[in-house]
Amino acid sequence: MEFGIRKMVQSKMQSYVPVCDLEQDSRPDGALVADGKTWGDFVSDVSKVRYYLEARENTPWILHCEDSYFFTVSLLAMLQSGRKALVTANRQDAFIKEIKKPEYGFLTDEPFTGDIAGMPATMIQDVLVSENVHCTDGDISREIKFGKFDKTKAEMVMYTSGTTGEPKAVFKLFMQFENELFELVKVFGNDWVDRKVFSTVNHHHIYGLLFTALLPIATGLPFCRYRIDFPTELANIAGAAAVVASSPAFLKRLAAEADKPIDFKCPPIIYSSGGPLPVEVAQKASELVGYWPMEIYGSTETGGIAYRQSKNGAVWKPFEVCKMSVAENGCLNIKSSYILEAEGFTTGDLVDLYDDGRFLLKGRSDSIVKIEEKRISLPEVENRLKQTGLVQDVRVVPMVGKRQYLAAAIVLNEVGREKFAGLPKLAINNYFHDYLLQFIENTVSPKKWRYLEELPQNTEGKIRMRDIQALFNLPESQNFKILKFRREPGALTAKLLFPATSDYYDGHFPEFKLLPAVAQVDMVLRLARNFLDVPKKLSKIHRTKFASPILPDVPVMLKVSYNADAAKVTFSFTSMPDAQGNEKMHSSGSFTMNPEESLG
């Protein structure tokens, strides 16, 4: 069976070779692997990192490289040398500290200021310069070390936020990835012929790992070394025949920001994973790029389960090797060749399962809550709000104050923004509240509302309930608006706006309003305490630089990080990135907090 599929795919693609079977002569030396890197370069670089790793004790290595080429080189070197690869979700100090042990190595491509568990990070660039191997144009003592490895013994660990939001280690044998790659090539492989792979997602998560690192290496397709961060950057690849691994978050921004179709040489193939993609966003993306996005449903634990294009309906079609059933709790259970457990894996997703194996997702099993003894489905409230035709995205979460209540975070679509332009927030709240009363009781209707440009997502592209709840735990203020934010372990990035009517500007200065330094410090502390669990008491303000003014009604980015060991908060206010991602510094600095207070 496998031989037949490989021959079939090879007839149209460059060649499909399982990653574990790659050898030095699997590709021509001059074949392009990534921007500026050939197969000969790749083989040589993997060999150099292998020599470096094998000269050290056989311990697990943490891997985090922003450059996709360096990441793939490092991962192959770890697998070929028998080292366990721990692929991090991010490289925040707090996260690395949670997973690092003294004996672990840490390989990265970016300077790392922390000295985690007694061992600093190793820069892959330094390894590639210091290690020498035999090359075609030189006679150097060490020979190339590149070849097959045993996929049934090669070990990896992926990290996911799981249902709690805390880092969860998911053990994988590389055999599971190879089995999934084989399925992906069977279903999508012929569509990828003569294309280049681009990405808007993180290759440290399973979807990005498969689509932007392993699939290109296995199929011989070149890939871009760096992520596309902004929808405006898609115009830069319009001349390429492209495959783009994307996410609902990126496609939502594309739908909201693009005002005309992008003139692609040929329509790119767009994939989306990490969460549900609203049909209206998929349709708008199709109008802009010429391809209706293909959605992939799965998780770190299960790999890819099913796929769909929502223009054909909401039903999901499973990959051939995925066998579906409904567990006792009504949730989807999957058994496949890339799930190790004989009993399969039961998700938290409620489903309707059809006789042909296709299924319809009905929401999360933890999405039914009780408000004053009345049961209510959170997805039901969300769907009712979407029925207004004014909402692009929404999350409804349970909150506890003096009593339990619901709160709704809403992203308006273009029609909604036009309808409510210039209206006070109370009028918008009342509109949605009154609409919901047609379908649900007042008791279970949301009592608090926030309107954002984008719902907060983690590095996996998932919207976590606890992040929405954290937003509502911060008292609303007329002095500032949070337009969007993203929270990671020990770090927060937020887009803020300070209205001209803000009290912060009173008297400072009447003729030319500037956001005072004390207001900036207050804003940093307010958000750090709410989102990062920073102690309440400020111990010391270190040197703080104020480079350029923050003006009324001009959005800015605030980046805050917290080092719990040093009780230190570091921040920067910058302008919004321009089309090239450049930012102007407004201010930066750091504080020391008093951690003893949090112990009292």
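Values in this text are rule-based calculations from the coordinates and carry no lab data. Nothing here was measured: the structure is a model prediction, and the numbers come from that model. Cβ coordinates were reconstructed from backbone atoms using ideal geometry, including for glycine residues, and neighbour counts include every protein chain displayed.
Between 390, 432, 443, the Cα set farthest toward the positive side of the dipole of the range 372-450 (charges on each charged residue's Cβ, about the Cα centre) is that of 443. Near residue 404, the amide H atoms lying under 5 Å from its own belong to 372; only residues 5 or more places off or on other chains count, and H is placed 1.01 Å from N.
As a test of the formula, what do you get for the chain when each DSSP H run with n ≥ 4 contributes -39,500 (n - 2.57) and the sum is divided by the residue count, at 222 nm and rounded to the nearest 500 deg cm²/dmol?
Result for the chain: -7500 deg cm²/dmol, rounded to the nearest 500.
The distance from the alpha carbon centre of the range 37-68 to that of the range 256-300 is 34 Å, rounded to a whole number.
Applied to the range 494-499, the Karplus parametrisation 6.51 cos²θ - 1.76 cosθ + 1.60 on θ = phi - 60° returns per-residue 3J(HN,Hα) values of 9, 9, 10, 9, 10, x Hz, with x for Gly and Pro. Each peptide in 207-214, 287-294 was scored by the mean count of other Cβ atoms within 10 Å over its residues; highest first, the order is 207-214, 287-294.
By how many nm would the segment from residue 403 to residue 368 grow when fully extended, if each residue of separation counts as 0.36 nm and the alpha-carbon distance is taken off? Stretched fully, the residue 403-residue 368 segment lengthens by 10.9 nm. Rounded, prolate or oblate: which fits the range 276-429 when a ≥ b ≥ c are the square roots of the eigenvalues of the alpha-carbon gyration tensor, with rounded for a/c under 1.5 and prolate only if a/b beats b/c? Verdict is oblate for the range 276-429.
Going by neighbour counts of Cβ atoms within 10 Å, the residues 57, 233, 301 line up, fewest first, as 57, 233, 301.
Take 582-589, 559-566 and order them by the average number of nearby Cβ atoms within 10 Å per residue, most first; the result is 559-566, 582-589.
Tell me the relative contact order for the chain as a rounded percent, counting alpha carbon contacts under 8 Å between residues six or more apart. Don't jump to the answer; show the numbers that get you there.
Working: 1169 pairs, mean separation 51.5, N = 600.
Worked out over the chain, it gives 9 percent.
Label-to-label distance for residue 191 and residue 148 is 3.2 nm, based on points extended 7 Å past Cα in the beta-carbon direction. Here's how it looks for residue 88: its modeled amide H is under 5 Å from those of 63, which are all 5 or more places away or on a different chain.
Assuming R0 = 35 Å, what is the FRET efficiency of residue 583 and residue 358, from their Cβ-Cβ distance, to the nearest 0.05?
0.15
Whole-Hz Karplus values for the range 475-481 come out as x, 5, 9, 7, 8, 7, 10 Hz, taken residue by residue from phi with 6.51 cos²θ - 1.76 cosθ + 1.60 and θ = phi - 60°; glycine and proline positions read x. Here the chain is treated with +1 on each Lys and Arg Cβ and -1 on each Asp and Glu Cβ, and its dipole about the Cα centre works out to around 1200 debye.
Of the listed peptides 491-497, 390-396, what is their order by residue-averaged count of other C-beta atoms within 10 Å, with the highest listed first?
On the way: 491-497: 18.3, 390-396: 23.1.
For the peptides 491-497, 390-396, the packing ranking is 390-396, 491-497.
The amide H of residue 483, built 1.01 Å from its N in the peptide plane, has 495, 496, 497 as neighbours under 5 Å, considering only residues 5 or more places off or on other chains.
Bridgeable lysines around residue 186 (alpha carbons under 20 Å apart, same-chain partners fewer than 8 residues away excluded): 7, 12, 151, 196, 317, 323, 335.
Phi angles across the range 443-452 convert, under the Karplus curve 6.51 cos²θ - 1.76 cosθ + 1.60 with θ = phi - 60°, into 3J(HN,Hα) values of 4, 9, 6, x, 9, 10, 9, 9, 10, 10 Hz, Gly and Pro given as x. Between residue 235 and residue 442, the FRET efficiency estimated from the beta carbon spacing at R0 = 45 angstrom works out to 0.40.
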